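For reference, the structure discussed in these notes is given below.
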Amino acid sequence: MRFVFSLRFYILFALGLVPLSLSWDYPFLRGGVFIYDVILLAIAFLDYFISQKVGGDLAIRREFDKRFAIGDASDVRLVFENGSASTLRLKVKDEYPPGMELLDPREAEFQLRAHSSAEFSYRLLPPKRGRYGFGRTAVRYLSRLGLVWCQAEIGEPEYVKVYPSIRRAREIELKALGAQSFIAVQRKAVKRGEGREFESLRDYVRGDELRHISWTATARRSKLTTRQYQIERDQVVMIAIDAGRLMTGRIEGETKFDTAIHATLALMSASARAGDNAGIVVFGRRVRKYLPPKRGPQHIDAVLETLHDIEPELVEPSYARAFQFIASNLKKRAFVVVLTDVVDKESSRELITALKLLRPRHLPLVATIGDRDLNAMVSSRPEDIPEVFRQSAAEEVIYQRESALRLVETLGGLALDVTTQTLGPRLIESYLRVKERGLI
């Protein structure tokens, strides 16, 4: 039977024990106390069975104030509806996902009038992406006579998705732009400079490139005249995210893969503001996810849906398969951003070989995500033998990275060696430079 005795029951039970103090002189009181206790227990059980029907008229609805995202506190609201003709005194306890951090008490006690509703809420903080399950809500309601608390579980289990944080992506974008506002990207998108779309003519200014001089206009006006260009829109940015072994490494409690996801969202937001289309490819030994280049709120929602539960695997990535897939699906020239990590000759060699599948049609940028600032690690003098070995290992990794990135540049691509803290801003800065120079 699912009930617990109430305070009222224990008080009545204790009152029944008082006559026992006189039972030495009046033995018949013992029998009276026993009969009293049996009757009290019988009434309590009867009270429970009568009150069970009331619980069937109690309904619950769980509501959320917004979509769950990493690192953002979200309100969980429980709405209770009493369909019975009796006022209920309730104690409730919600079963929240154990993987989330509880910020407020998930228990409450209140009275719910007949044919009315009431609600209470608490906050949860999801620490990582994925799918989380809520269980049923445990409820205790006081019986009609107030002798027992009837226990029940109401509602149904349900699942929620925790997405990457758009707020964090916006912060990365703002950090990349510095003191400029978000509309700075849009201004850069129409900046007169090194683009390839003709915009207007103006008088020659010292420092203008000779190749931009319009000789026909110069002859007509009898003064040097320069062609102005604006940066092209509707270009393509394809972001390839490595979901292999090295991207499982954790920095400050977060995997490199999660860092790459938030940098991806920031870059996609910046490219959308600049009027370009962005897509994603997630790859390991094979291509796991693909979204063709688009822009707009619906496209961002599709990206969040795609990335909310994907995790890196302990396998070596196949750059050749990923780049072959990109080359086959992108006919228009694109800026291909590869977010990965390389620490040895073998992975570097495979990456360099596979990059030839993208050149010369596309412009690749390879961003390697380091565990920490290795240059800072080797800049100080070692104090003991273990520190000597650590610095030697760091120097070897630096050498391998620099060698690989130099080879990327010799193939006509771009290269970045960044830490997890600087990945997002550096990507956006590189993208804006590429746009201003008209490289795509």
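Tabulated data for the structure shown
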quantity: Principal axis box of the chain, alpha-carbon based, largest edge first, Å; calculated: 127, 63, 39
quantity: Mean-position separation - Cα centroids, region 313-338 and region 65-129, in angstrom; calculated: 45
quantity: Rough spin-label spacing in nm, given labels placed 7 Å along Cα→Cβ, for R221 and L46; calculated: 10.5
quantity: Rounded accessible area per residue of the chain, 1.4 Å, Å²; calculated: 52
quantity: Net charge of Cβ neighbours under 15 Å - reference A73; Lys, Arg +1; Asp, Glu -1; calculated: +3
quantity: Surface share of carbon and sulfur [accessible, 1.4 angstrom probe, percent] for region 103-150; calculated: 43
quantity: Burial ranking of peptide ranges 78-89, 252-263 (average Cβ count within 10 Å, highest at the top); calculated: 252-263, 78-89
quantity: Per-residue ³J(HN,Hα) for region 108-122, Karplus 6.51 cos²θ - 1.76 cosθ + 1.60, θ = phi - 60°, Hz, x for Gly and Pro; calculated: 8, 9, 6, 9, 10, 5, 4, 6, 9, 9, 8, 8, 8, 9, 8
quantity: Packing rank of 284-290, 166-172, where each peptide gets the mean count of other beta carbons within 10 Å, highest leading; calculated: 166-172, 284-290
quantity: From phi via Karplus (6.51, -1.76, 1.60), per-residue ³J(HN,Hα) for region 29-35 in Hz, x at Gly/Pro; calculated: 5, 5, x, x, 5, 4, 4
quantity: Region 207-353 - percent of accessible surface contributed by carbon and sulfur, probe 1.4 Å; calculated: 51
quantity: Residue-averaged [θ]222 nm for the chain, counting only DSSP H segments that reach four residues, each worth -39500 (n - 2.57); calculated: -11500 deg cm²/dmol
quantity: Interchain or long-range residues, amide H under 5 Å from G249's placed H; calculated: K256
quantity: Label point distance in nm, R349-E109, each placed 7 Å from Cα along Cα→Cβ; calculated: 7.1
quantity: Most to least packed among 423-435, 381-393, 310-322 [average Cβ atoms within 10 Å]; calculated: 423-435, 310-322, 381-393
quantity: Magnitude of the charge dipole, the chain, Cβ model with Lys/Arg +1 and Asp/Glu -1, debye to 20; calculated: 2180
quantity: Per-residue ³J(HN,Hα) for region 428-440, Karplus 6.51 cos²θ - 1.76 cosθ + 1.60, θ = phi - 60°, Hz, x for Gly and Pro; calculated: 5, 4, 5, 4, 5, 5, 4, 5, 5, 8, x, 7, 10
quantity: Under-5 Å amide H pairs with D104, H placed in peptide plane, nonlocal only; calculated: R123
quantity: Additional length obtainable on full extension of the chain from R285 to D384, 0.36 nm per residue less Cα span; calculated: 31.6 nm
quantity: Entries in K256/K435; K66/K91; K175/K294; K66/K332; K161/K256 that, when Cα-Cα distance is taken, lie over 30 Å; calculated: K66/K332
quantity: Estimated FRET transfer efficiency when R0 is 56 angstrom, pair S84-R250 (beta carbons, to 0.05); calculated: 0.60
quantity: Virtual paramagnetic centre 7 Å along Cα→Cβ of R361, amide N under 19 Å, in region 393-435; calculated: 411-414
quantity: Label-point separation in nm, A73 to E429, each point 7 Å along Cα→Cβ; calculated: 3.4
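The values are calculated or read from the model by the stated rules, or taken from the named source; none is laboratory data. If you're wondering where the values come from, they're calculated on a predicted model, not measured in any experiment. Glycine gets a Cβ as well: all are built from the backbone with ideal geometry, and neighbour counts include every protein chain shown. Side chains included, ligands, DNA and RNA excluded: accessible areas come from the protein's heavy atoms. Shrake-Rupley method; radii C 1.70, N 1.55, O 1.52, S 1.80 Å.
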